[in-house]
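Take a look at the structure below.
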Amino acid sequence: MQTPQILRVLALAASVSIPVFSAMAEGEIPVGEFASLTGASASFGQSSHKGTELAVEQINAAGGVLGKKIRLITEDDQSQAGQPATIVRKLISQDKVVAILGEVASSKSLEAAPICQQNKIPMISPASTNPKVTEVGDYIFRVCFIDPFQGTVMSKFARGKGWKKIAVLTDVKQDYSVGLAEFFVKDILANGGEIVREQKYSTGDKDFKPQLTSIKAAQPDAIFVPGYYGEVSLIAKQAKLLGIKVPLLGGDGWVGDSLLKVAGKSLDGSFFSSHFSASDKAEKVQNFVSKFKAKYGEVPDDMAALGYDSAMILADAMRRAGTTESAALRDAIAGTKGFDAVTGMITLDANRNASKSAVILSIGNGGFEFVESVQP
Ligand code: PHE
């Protein structure tokens with residue numbers, strides 16, 4: 001009897017969800033996404049995912065790409081080292097994705113990039129700013145600026161304020177933090193500034209009082225803390241408790257939903273650099289902000305905007321390539337020029353990075369305020 005056996009096979013296939021039945025439906029283009037939807041940097045993954053999801057929804061509502069709908073297959077790396085590699089292997093070998101979007105945190109992107117490169121699957125990071133990410137190879141791209149630029153944005157700002165004696169507090173577990181500290185310090189020293197104390201911590205630490213006590217003793221004019229929002233919020237609180245009054249300075253890693261919830265007023269008077277301001281009056285930005293608010297009931301942050309742009313740039317490249325075949329798609333992404341994105345004009349350079357302006361924001365009155373935009 002043929003039929004029951006076929007039914008049993010189909011039932012088995014369904015129960016173990018063999019990907020050929022789930023991901024490869026006719027007329028769909030499978031695109032992978034890996035993000036920290038849970039864990040220590042959940043704010044990064046949730047935001048970038050929402051932006052990416054909104055973009056895919058809009059692309060599909062407008063008829064899709066090359067006559068097909070994009071099917072976004074999203075996996076949660078739980079903010080944990082080791083997960084990106086496993087997930088990206090699964091997306092490539094089981095789901096047969098034609099491209100991969102992710103991650104926000106540079107260390108996570110650095111884990112996944114060699115696997116995408118080996119398999120010749122284009123990867124576009126929305127927000128990883130460490131230069132090493134795209135150095136992995138010619139299939140790895142990003143739609144954001146890189147930290148040699150971001151580091152000098154903040155060092156120039158500090159110099160402009162007349163802050164000469166700077167302390168630095170780095171997260172040694174994050175490529176992002178180590179790199180950004182390095183570029184910032186180089187520029188401070190090259191311009192007559194002084195690094196009066198360098199201290200370190202590791203992702204997940206809760207007590208920063210020893211490092212902050214040492215920093216306080218060095219009497220800096222400002223403290224550069226190129227970390228992620230979770231630890232930065234605790235550092236800010238503990239700095240205030242220790243009587244440190246000078247401003248903290250940081251980078252895009254400060255952006256996270258719990259930053260001000262935990263830090264309260266202790267970050268008032270501090271400054272950080274980032275990618276995007278939802279209060280930008282440009283029509284493109286306001287249109288995105290209102291669509292995002294309508295769908296998710298919240299104002300999009302940097303990662304949301306960058307996640308959105310990463311998916312839009314991929315779709316644009318597919319259209320220009322006329323195919324999703326790997327080499328042609330790679331070439332089309334590399335050829336991205338003057339793409340009018342919500343985070344600014346995106347042209348990918350020869351090293352597959354975007355050269356874009358950064359924004360400096362100040363913290364006060366329970367929120368962020370736009371200070372200035374800095375051109376590369
Ligand atoms: N640039 C950070 C990194 O490379 C990630 C990040 C981007 C965080 C944008 C917040 C906002 O790790």
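The values are calculated or read from the model by the stated rules, or taken from the named source; none is laboratory data. Just so we're clear, the structure is a prediction, and the values are computed from it rather than from any experiment. Reconstructed Cβ throughout: ideal geometry from the backbone, glycine too, with neighbour counts over all protein chains shown.
Brief remarks on what is shown
- Close pairs (6 angstrom Cβ cut-off, 6 or more residues apart or separate chains): closer than 21 Å to Val255 by Cβ and away from the ligand (no atom under 14 Å from the Cβ) in the range 171-196, modelled with pLDDT under 95 and β-branched (Val, Ile, Thr) anywhere: none
- A single member of Ala350, Ala304, Ala341 is of a type in the set (A, V, I, L, M), touching an Asp or Glu at 6+ places or on another chain (Cβ under 6 Å), closer than 28 Å to Lys156 by Cα and in the same structural domain as Glu33 (by TED's automatic domain parsing), and it is Ala341.
- Against the numbered list (1) more than 16 Å from the ligand (Cβ to nearest atom); (2) assigned to a helix (DSSP H, G or I); (3) surrounded by 16 or more Cβ atoms within 10 Å (Cβ to Cβ), Ser109 comes up short only at (1).
- Of all residues in the range 213-239, those that are closer than 28 Å to Val104 by Cα, part of a helix (DSSP H, G or I) and among the hydrophobic types (A, V, I, L, M, F, W, C) total 5.
- Scope the range 127-154; condition more than 13 Å from the ligand (Cβ to nearest atom) and either surrounded by fewer than 24 Cβ atoms within 10 Å (Cβ to Cβ) or free of Cβ contacts under 8 Å to residues at least 40 places away in the same chain (or both); matching residues: Glu135, Val136, Gly137, Asp138, Thr152
- Flag if Ser79 is in contact (Cβ under 8 Å) with a residue 12 or more places away in the chain and touching a Lys or Arg at 6+ places or on another chain (Cβ under 9 Å): yes
- Only a single criterion out of (1) surrounded by 24 or more Cβ atoms within 10 Å (Cβ to Cβ); (2) within 30 Å of Ala222 (Cα to Cα) is not satisfied by Phe271, namely (1).
- Odd one out for Cys116 among (1) free of Cβ contacts under 8 Å to residues at least 60 places away in the same chain; (2) within 11 Å of the ligand (Cβ to nearest atom); (3) surrounded by 24 or more Cβ atoms within 10 Å (Cβ to Cβ): (2)
- Contacts under 8 angstrom Cβ, first residue in the range 211-236 being on the phi > 0 side of the Ramachandran plot, partner modelled with pLDDT of 95 or more, 6 or more apart: Gln219/Lys165; Gln219/Val196
- Among the residues of this structure, Glu53 counts as one that is part of a helix (DSSP H, G or I), more than 20 Å from Ala350 (Cα to Cα) and more than 14 Å from the ligand (Cβ to nearest atom).
- Residues satisfying the stated conditions in the range 309-335, i.e. within 13 Å of the ligand (Cβ to nearest atom) and either charged (D, E, K, R) or out of contact with any strand residue (DSSP E or B) (no Cβ under 7 Å at 6 or more places or on another chain) (or both): Asp309
- Filter result for Asp205 (crowded, with 17+ Cβ neighbours inside 10 Å, within 21 Å of Ala239 (Cα to Cα) and either at pLDDT below 95 or not aliphatic (A, V, I, L, M) (or both)): no
- Qualifying residue in the range 247-264 (condition: more than 18 Å from Val359 (Cβ to Cβ) and crowded, with 20+ Cβ neighbours inside 10 Å): yes
- Taking the range 279-308 as the range and being within 15 Å of the ligand (Cβ to nearest atom) and in contact (Cβ under 8 Å) with a residue 24 or more places away in the chain as the test, the residues that pass are Pro300, Asp301, Asp302, Met303, Ala304, Ala305, Leu306, Gly307, Tyr308.
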